[in-house]
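Q: Once you've had a glance at the structure underneath, I'll fire off some questions.
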């Protein structure tokens, strides 16, 4: 009858992985739990026997520069990301996307790892991260591996992480001169209030030219979407109204939007995505001066 | 019980296994096990060591194990912030935090904020500024604010809005909450007392009436000691759950409760067959079954099939889920228009038509023939949920031959009647013990769990608590009526209104509730607060298979005002007449006749509302640089008669954002009217210690009636307001105050309290006159004492004198409002009307269709501002709720199934949706109101939606004829307009 029977609080990643592998099943990890608790309470998640709480693992709460990269532990809550000077310097899109999630109470608990592991195609924090070419560190019983972020998603709500694997954290390239990112989203205020579209853009500037761009959009398709063709189109172009218009066209051609009942039609999403692309690119462009 | 033991054993075994495993694998030293055997935490400075309970949530640990019930549960789905506590310095939602995570942590709850009975400045500021209304969200608001001040001792308004973004308040005192936080921050920094709020007193303030007084229940509400129904625990108490139909229309073929009966912890399962009394209830029409029995008809998804009482809440819910029901499904009636069509199934014996309501004045065809312009349009408004923060809770407690029902109810005496009928008892055997109510707004007038709890308590002989979770609340209680309203309007070229014809369809759902009354109000107000010689209105109040619709703040007038005020703006545009002037020209004034044939003899403050809003708009727009930057219009500060107040203007540097103002007026009756005997009783008593108590079974739902009652009694007896205690909502201890609905309580219970106090004063005067052998006019009540013949008597001494003279210092007064006439008979249908005008400024994002409301000016003619602090809360809360109903709220059903069945799906405004609000109080007194006052609870909300939709039209040329404004539709309509312009 109770939502769970065993609550384990490992101190290390090793302990957590072992607990997931050996505790009475079903055993699942819990980080902030802001989504998971509700899903369990409302019966949207199958009952579990064991919850393995990851928030006591120091390594997963680290936020630091490591070997020339920015490491953000998967257990770092959103508020720390938003307030971190390091993230503000190196990953503005992540600051903006994490700052829009919930209120301060939710941001104090909800973690970036949870946002990614939940594998929803339009989670704000995850989209903000996806445009930054982040790599995920995954721990499994057989050891640890680094994996490009986009490989972690199989479908809406379906993660590529195995039941006995734990997301340890994310490695992000440090921002160099003339690189910057930005994040925008549109909510639907009426009735079922949910974000209907979000977009993150990263770019590198070379004078008046876009040297390279990275763009993530959600929701477009069953998994978080990287707009590779639009990125290719932008690379090497002069930043101008025509370039933006061309990028908008390319994005519309490659993104796949669908209609979700009581939220937004595919047509509305197509209208919005061009606005968001322009806004995010322009903001990043200004920041990359 | 057995299973519990078994489970414990498993746990012990598992623990050993785990320990071994960990020890073996990682070779760790000792007891640092992953599974905590003890839960140690510090709460409000006190250390606790507890046994972990599998599956326990932090809020349950705090509320149920530590009895810290100040932490509230309003949604249970991490949406509203009411359950916020501070854990290691950070605010967290205790409703979605596993209790075991609190191990080793330090937690502060609302109970831990005051030190040695010294309130924290935040608590003081919330009280002083009137930020406390129903009080249910207040612990969450204060704890979230407290966390903010820890990080930012001097927050800006933006900081506050950011921090409180997801901490919801349905009374919507967001501006006062913000002001309170700013004042507290200042006090904390300077060490000075918390600054007073900047709220003007009544223009005609007396000693107490019209001055700023705090609520009698404010201190409890800011310290967490305020007790709401779910905070009560009785010895030996059972918990109830209800098996709901889950289908919108069907006949029940079979009910199998056997599995539920056998389930662990279950004490009793009941169906319709087990009801000792009447299986029917209802406020006006008895049409709502207590439970639907075998062979009977299910009319909506929330219909009760069976009820369960068990030892725990979880056991009761689990057992209810085991009840099997076989249905014979019937075709679903999903809206009012369909319900009236030929060949539709008839939901009730009398058919689908609850009532055809008619207004007849003159002959509109004559008016249309004389008119220079005639326009016609059809509007739609959706159902709305009240979303009061406190979900419904009833506790029934058997006591000898009687049944006590603890509940926060808007109509305690009708609860008593309905509970007694279901038990088959004389109603004197039932006592409703009113509890603090975490908001009502009309949604706590009908029976929720009162009868079910009483039936189970009667059957088991034990106390039974029935608490709705948010989902059940959304599913079960009556909503605002969804409507379709057709308006035909004829006018002369100069703007004189000649004729109006309206046709309304109202969806009253499965049961009547107050549907007939609500839709009568919608109909009689459907031609607006204007003088029109020819008016016909026809309303069809229809039963459907949707959740019932009943009372909701605005009571039908919100819907018809949206339709009519949109039409008035269209007419102004068509005739090229200023839209303010058009309203002023036709506004009801003293001497004019309403659509129902009532002559306004006095207290018609609409023109003053219009004038004052226009003046304030000129002041704001006149100083608004945006308007003039791109135009050649000259203006001198504050004196710009020629500027277009409604001109659309892009935001410089962000040309895709267009701003404009919109305007709307409204009126709303005070009191039941329509021939009903509008009565309230109040009792005032002087106690031995010199204090007074005023009592009435009128309901306090956060609106501030208790403050009004104590203020009028203090005024009449010339004592300090703090010297008057208030008791409400108890059918044994307080006289019947009637329903708390129709903006009536300040008027009727205000008058009953005033007259009871006045009569007591006269009795005291007579006694002292005799005792001191003085003429009564020589006896003076003054600042808490009575002067007679050179003596000054304290109220304790007065008490003694009364007792010595054999007089009981207690007066019961039953007040009857002036007589009214039923609809159709002409004359006074209502005792008074409140009037209002609002102007709203919106900003439309032409790229996305998003709309923000920036500023609202709200002028309300309330007769007399008895309680200006409470009035401020009503005005602000009304505007914010109006913003919600214009832009956010939509209670969606599909084929009778509820789509918006969680708080996360039914969006209400938060502090980020709150515009800057300028309240203007107009006081055009009504003769028989207490000190001239009339109702205010509803009028404050009614003009907001049309003011907003009219503003959207003025900004971007798109008119909305349905609510809420849909941003996607708005975007398409703007693009369509652009295409038309280009072609």
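Every number here is computed from the coordinates shown, using simple stated rules; none is lab data. The model shown is predicted, which means the values in this text are computed figures rather than measured ones. Ideal geometry is used to build each Cβ from the backbone, glycine not excepted, and the neighbour counts take in all protein chains shown.
Q: Over all residues in B:83-94, what is the mean tally of Cβ atoms on other chains that come within 10 Å of each residue's Cβ?
A: Details: counts 1, 4, 1, 1, 3, 1, 1, 8, 8, 8, 8, 1.
Shielding by partners across B:83-94 averages 4.
Q: What does the highest-first list of A:169-175, B:546-552, B:532-538 look like by mean Cβ count within 10 Å?
A: B:546-552, B:532-538, A:169-175
Q: Taking Cα centroids, how far is segment B:472-522 from segment B:664-743 in Å?
A: Between the Cα centres of segment B:472-522 and segment B:664-743 lies a distance of 30 Å.
Q: So what is the calculated 222 nm ellipticity per residue for chain B, using -39500 (n - 2.57) for each DSSP H run with n of 4 or more, over all residues, to the nearest 500 deg cm²/dmol?
A: Taking each H run of at least 4 residues, the total per residue is -9500 deg cm²/dmol.
Q: With both bridge residues required to lie in chain A, what share of the DSSP beta bridges run antiparallel, to the nearest 5%?
A: That works out to approximately 85 percent antiparallel.
Q: Something else about it: Would you mind checking the radius of gyration and Dmax of chain A based on alpha-carbon positions, in Å?
A: 19.1, 63
Q: Further, regarding this structure: Please work out the ratio of the alpha-carbon Rg of the protein assembly as shown to 2.2 N^0.38 Å and round it to two decimals.
A: That works out to 0.95 for the protein assembly as shown.
Q: Among A:61-69, B:850-858, what's the highest-first ranking by average C-beta atoms within 10 angstrom per residue? Walk me through the numbers on the way to the answer.
A: Values: A:61-69: 12.4, B:850-858: 22.9.
The packing order, highest mean first, is B:850-858, A:61-69.
Q: Can you give me the Cα centroid spacing of segment B:316-330 and segment B:75-137 in angstrom?
A: After rounding, the separation between the Cα centres reads 38 Å.
Q: May I pose another question? Kindly give Rg over Rh for segment B:407-529, based on alpha-carbon atoms, with the Kirkwood expression for the hydrodynamic radius.
A: 1.16
Q: Quick one: work out Rg over Rh on the C-alpha atoms of segment A:88-182, Rh as Kirkwood radius. Let's see the in-between values first.
A: On the way: Rg = 13.6 Å, Rh = 13.9 Å.
Rg/Rh: 0.97.
Q: Classify segment B:647-708 as rounded, prolate or oblate from the Cα gyration tensor: take a ≥ b ≥ c as the square roots of its eigenvalues, call it rounded if a/c is under 1.5, otherwise prolate when a/b beats b/c and oblate if not.
A: oblate
Q: Can I ask one more? Could you list B:75, B:169 so that the one with the fewest beta carbons within 10 Å of its beta carbon is first and the one with the most is last?
A: Final ranking by Cβ density, sparse to dense: B:75, B:169.
Q: When the helices in chain A are scored as -39500 (n - 2.57) per DSSP H run of 4 or longer and the sum is shared across all residues, what 222 nm value do you end up with, to the nearest 500 deg cm²/dmol?
A: Calculated at 222 nm, the ellipticity per residue is -9500 deg cm²/dmol.
Q: Using alpha carbons only, how many angstrom separate the centre of segment A:260-289 from the centre of segment A:1-80?
A: 33 Å
Q: Note the per residue figure in Å³ for the convex hull of the C-alpha positions in segment A:156-289.
A: Output value, Cα hull per residue: 124 Å³.
Q: What fraction of the DSSP beta bridges in the protein assembly as shown is antiparallel, stated in percent and rounded to the nearest 5?
A: Around 80 percent antiparallel, to the nearest 5.
Q: On to the next question. Averaged across A:44-55, how many Cβ atoms of other chains sit within 10 Å of each residue's Cβ atom?
A: Neighbouring Cβ atoms belonging to other protein chains average 2 per residue here.
Q: Could you work out, residue by residue across B:898-904, how many beta carbons of other chains sit within 10 Å of that residue's beta carbon, and then give the average as an integer? Mind dumping the intermediate values first?
A: On the way: counts 0, 4, 3, 1, 3, 0, 5.
Mean number of neighbouring Cβ atoms from other chains: 2.
Q: Once you have a ≥ b ≥ c as the square roots of the Cα gyration tensor eigenvalues for segment A:128-225, tell me rounded if a/c is under 1.5, and otherwise prolate or oblate according to whether a/b is larger than b/c.
A: Verdict is oblate for segment A:128-225.
Q: Roughly what % of DSSP beta bridges within segment B:324-432 run antiparallel, to the nearest 5? Intermediate values should be presented prior to the final figure.
A: On the way: 6 of 9 bridges.
Here the antiparallel bridges make up roughly 65 percent for segment B:324-432.
Q: Can I ask one more? Order the peptides B:298-310, B:187-199, B:139-151, A:199-211 from the highest to the lowest mean number of other Cβ atoms within 10 Å of their residues.
A: Order by mean packing, descending: B:298-310, B:139-151, A:199-211, B:187-199.
Q: Specify whether the C-alpha gyration tensor of chain B places it in the rounded, prolate or oblate class, a ≥ b ≥ c being the square roots of the eigenvalues: rounded for a/c under 1.5, otherwise prolate if a/b is larger than b/c and oblate if not.
A: rounded
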